[in-house]
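One structure is given here, and the rest of the page talks about it.
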Amino acid sequence: MNLPAIVIIGDKGNELERFFREKGLCSIYVRDIDELKKRLLNEDVAILLVEENLKTSFLRDLISSCSPNTKVVVFGNGSKSNFSHTGYEYIRWPNKDKNLILRSIKMGILEYAFLKNRRFFIKRASFNRKESLKNYQKIENFFYFLQIFRSFKDELNRCEDLKTAVIVCEKYIKKIFKCDFFGLIVDSDNQRFDIYGFGNSSETEVLENFLRYLVLSFRMLSGIQTQHLAEVYINKRKKSIDVLIDPKFSLNNKTDILFGIKSYMIFPMISGTKNLGCIAVGSKEEDTFDINDLRIISFIGYELAHVFANIKLILHIKDISIKDALTGLYNRRYFDEILQHEYLRAKRYNLPLSLIMIDIDYFKSINDSFGHLTGDRVLQELAKLIKNSVRQVDVVARFGGEEFSIILLNTSLEKASNMAERLRSIIEKHTMLIDGNKINVTISAGISSIRDDTLSERELVEEADIALLEAKRNGRNKVYMCLRKGIIKEVKAEGLRERRRFKRISTHLWINYIPLLVNNGENMIKAILKNISEEGISFESFQEIERDTLLLVDLDIPSRSGRKQHIKAIAQVVWNKKEKDKNIVGARLITLEPSVRDVIKRYVIENQREE
């Protein structure tokens with residue numbers, strides 16, 4: 001914008017121009033009317049000074065040629081009241097106080113400059129209104145994404161395990177993308193990948209195809225084999241990996257495998273040099289995703305890779321802090337914490353609690369005869385044998401060098417004695433084949449149980465240890481229990497009553513269940529059956545189930561002839577235990593048809609193995 005000018009017209013123009021020049025203001029005295037109109041149209045004129053003796057029609061003609069921001073001031077020797085055009089400012093000239101005139105003129109110039117700038121920006125904003133609204137929408141979407149992503153990261157950082165983090169991902173991915181399907185492949189344990197899929201429950205087949213294509217793409221890009229795929233979860237429910245591994249599908253026939261999916265994005269999750277899986281979103285609509293969505297999913301993919309890597313590292317550190325490096329059992333520090341916690345719980349709620357202390361007989365002779373590496377192998381195999389011989393809810397720990405301890409929850413002294421003698425018998429009959437050497441070992445065990453006069457968990461350990469020493473003094477390969485303070489008694493095998501009335505065998509069958517009274521007609525939940533007997537089952541489930549919950553269960557029982565018999569029963573949950581990211585549930589079969597019991601009994605007899 002040029003310097004705002006003062007244009008003067010009238011007989012006294014020379015005098016006014018001289019006055020303004022002395023005061024440092026730019027002014028122009030114009031005599032020719034055409035020249036004046038030209039200046040008014042093409043130049044920045046802040047103030048038009050007009051002598052009052054001009055004709056009214058001429059004055060109106062001049063005003064129409066001015067910018068709407070130009071201030072018109074009429075000057076003369078008369079008074080304002082004598083001037084007919086009262087809509088314009090009037091100044092008396094000459095005036096005794098010319099500084100007042102000067103101040104008015106300067107204010108007019110500043111007002112013109114302000115209005116000129118304001119008019120310019122308003123005009124420009126109006127001209128680019130559509131583009132401005134579009135840019136504003138982009139900025140608004142950007143800040144919305146930042147807010148969502150900040151909440152996303154905050155919740156992820158509070159996750160303590162991978163499955164919880166996956167659920168958080170599913171929650172926020174639906175907010176960030178307009179997608180119908182969401183898939184995630186995550187390294188859960190040393191190149192063992194879990195697959196998660198989320199979508200509409202009524203479109204399970206399309207979701208499975210989407211996950212199948214995701215798995216095939218990931219296998220091709222990463223070079224992983226089928227055995228590297230661990231668990232499959234579709235809408236939080238565990239499925240067999242066979243659901244996604246189908247030889248008839250390949251990446252070459254996208255039309256078949258991606259039936260119902262029009263748009264999709266797949267991005268790997270890489271942390272450093274490690275491939276931790278991949279993330280994918282899919283839609284039933286065409287052209288759902290654009291280049292900005294690809295940038296966003298790449299950003300999320302890199303962030304998730306770091307978050308999952310940190311969670312795995314934290315879990316690993318936590319695991320090695322509570323686990324014995326050689327045997328994989330809990331270590332002494334964790335044993336002390338759990339025993340103190342369970343002791344206080346048992347005291348408060350008046351629950352039974354027992355403890356078994358185990359020592360390997362003549363373990364030093366094994367090290368001396370076969371070497372310490374063979375001795376380590378014996379400890380590892382014995383730890384595995386003990387772990388597999390007790391209940392899922394029991395806590396097994398390595399107490400010392402060749403000593404082990406078992407915390408038996410909700411178990412009386414009689415039942416603990418039964419379990420300890422049964423375990424001693426199993427180990428006595430078990431032959432270990434290590435580096436071509438057949439090695440048999442025996443154990444001595446001491447048992448203690450909580451009583452009214454038990455003052456602390458330390459007393460449980462002391463009494464079990466005293467009973468263990470008594471077993472070793474009396475020839476080893478024995479089990480002794482502490483009845484009361486100072487009273488130790490040997491546990492005789494012939495005097496024991498088998499706690500379980502029916503033989504229980506390990507298995508790996510699929511079972512379907514549905515919680516009664518609280519399910520409201522939802523679909524059956526799939527789980528893995530761990531063991532079965534005529535009176536009860538235990539299974540591994542993705543969902544947590546409260547104790548005393550009634551379940552409707554059904555499963556297919558195979559026979560040696562190859563035929564499968566479908567059975568149904570009602571079971572009541574007796575115990576449950578969370579182990580890493582799995583829930584182990586024990587249930588008692590409470591309503592069973594005689595024919596169904598016969599099927600289970602026949603299956604147990606056919607598959608039972610001598611201990």
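Only one entry in R377, R332 is within 20 Å of A467 (Cβ to Cβ), at pLDDT 90 or above and not hydrophobic (A, V, I, L, M, F, W, C), namely R332. When L221, L207, L156 are screened for being closer than 15 Å to I311 by Cα and not in a strand (DSSP E or B), only L156 passes. For residues in segment 495-513 being modelled with pLDDT under 70 and among the hydrophobic types (A, V, I, L, M, F, W, C), which is nearest to Q543 (Cα to Cα)? Restricting to residues being modelled with pLDDT under 70 and among the hydrophobic types (A, V, I, L, M, F, W, C), the top hit is F502.
Got at least one residue in segment 239-257 being at pLDDT 85 or above and hydrophobic (A, V, I, L, M, F, W, C)? No, because not a single residue in segment 239-257 is at pLDDT 85 or above and hydrophobic (A, V, I, L, M, F, W, C). Take I224 and decide whether it is modelled with pLDDT of 85 or more and of a type in the set (V, I, T). The answer is no for I224.
Remark: pairs (first residue in segment 418-443, in the same structural domain as E490 (by TED's automatic domain parsing) and farther than 30 Å from C482 by Cα; second residue surrounded by 13 or more Cβ atoms within 10 Å (Cβ to Cβ) and β-branched (V, I, T); Cβ separation under 6 Å; 6+ apart in sequence or on different chains) = M432/I439; I434/T374.
For every residue, the table says whether it meets (1) buried (at least 18 other Cβ atoms within 10 Å of the Cβ); (2) among the small types (G, A, S); (3) in the same structural domain as W575 (by TED's automatic domain parsing).
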position	(1), (2), (3)
S369	no, yes, no
T374	no, no, no
R377	yes, no, no
D394	yes, no, no
L413	yes, no, no
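Scanning segment 317-330 for residues that are in a helix (DSSP H, G or I) and touching a helix residue (DSSP H, G or I) at 6+ places or on another chain (Cβ under 9 Å) yields S321, I322. Scanning segment 514-534 for residues that are part of a loop (DSSP other than H, G, I, E, B) and at pLDDT 80 or above gives a single hit, S533.
Any residue in segment 349-358 that is in contact with a Gly (Cβ under 7 Å, 6 or more places away or on another chain) and either touching a residue at least 60 places away in the same chain (Cβ under 8 Å) or not assigned by TED's automatic domain parsing to the domain that holds K577 (or both)? Within segment 349-358, one or more residues are in contact with a Gly (Cβ under 7 Å, 6 or more places away or on another chain) and either touching a residue at least 60 places away in the same chain (Cβ under 8 Å) or not assigned by TED's automatic domain parsing to the domain that holds K577 (or both). For segment 170-199, a residue qualifies if it is surrounded by 15 or more Cβ atoms within 10 Å (Cβ to Cβ), touching a helix residue (DSSP H, G or I) at 6+ places or on another chain (Cβ under 7 Å) and part of a helix (DSSP H, G or I), and the qualifying residues are Y172, I176.
Residues of segment 285-305 that are over 19 Å from F218 (Cα atoms) and outside any loop (DSSP other than H, G, I, E, B): I291, N292, D293, R295, I296.
Apart from one condition, T327 fits all of (1) touching a residue at least 12 places away in the same chain (Cβ under 8 Å); (2) more than 22 Å from K171 (Cα to Cα); (3) assigned by TED's automatic domain parsing to the domain that holds V215; the exception is (3). Residue count for segment 224-241 satisfying the condition of being surrounded by 18 or more Cβ atoms within 10 Å (Cβ to Cβ) and either touching a Ser or Thr at 6+ places or on another chain (Cβ under 9 Å) or not in a strand (DSSP E or B) (or both): 5. I'd like the full set of residues that are in contact (Cβ under 8 Å) with a residue 60 or more places away in the chain and more than 21 Å from the chain's Cα centre (by Cα), limited to segment 286-309. Correct list: T288, F289.
Residue count for segment 341-367 under the criterion of being in contact with a Lys or Arg (Cβ under 9 Å, 6 or more places away or on another chain), farther than 21 Å from S444 by Cβ and surrounded by fewer than 19 Cβ atoms within 10 Å (Cβ to Cβ): the result is 2. Of all the criteria given as (1) closer than 21 Å to L423 by Cα; (2) without any contact (Cβ under 8 Å) to a residue 60 or more places away in the chain, the one not satisfied by G371 is (1).
If you go through segment 255-284 and keep only what is touching a residue at least 40 places away in the same chain (Cβ under 8 Å), farther than 18 Å from L214 by Cβ and not in a strand (DSSP E or B), you end up with nothing. Here I447 passes the criteria (1) within 30 Å of I241 (Cβ to Cβ); (2) of a type in the set (V, I, T); (3) at pLDDT 85 or above except the one numbered (1). Take the conditions (1) modelled with pLDDT under 90; (2) touching a helix residue (DSSP H, G or I) at 6+ places or on another chain (Cβ under 7 Å); (3) on the phi < 0 side of the Ramachandran plot; V479 misses just one of them, which is (1). Take I314 and decide whether it is of a type in the set (V, I, T), surrounded by 13 or more Cβ atoms within 10 Å (Cβ to Cβ), assigned to a helix (DSSP H, G or I) and not assigned by TED's automatic domain parsing to the domain that holds S405. Yes; evaluated as a whole, the condition is true for this residue. Looking at L54, L100, L40, just one residue is at pLDDT below 70, of a type in the set (A, V, I, L, M) and part of a loop (DSSP other than H, G, I, E, B), and that residue is L54.
The values are calculated or read from the model by the stated rules, or taken from the named source; none is laboratory data. Note that the coordinates shown come from a computational prediction; the quantities given were computed from them, not determined experimentally. Here the Cβ is made from the backbone with ideal geometry for all residues, glycine too, and neighbour counts use every protein chain on show.
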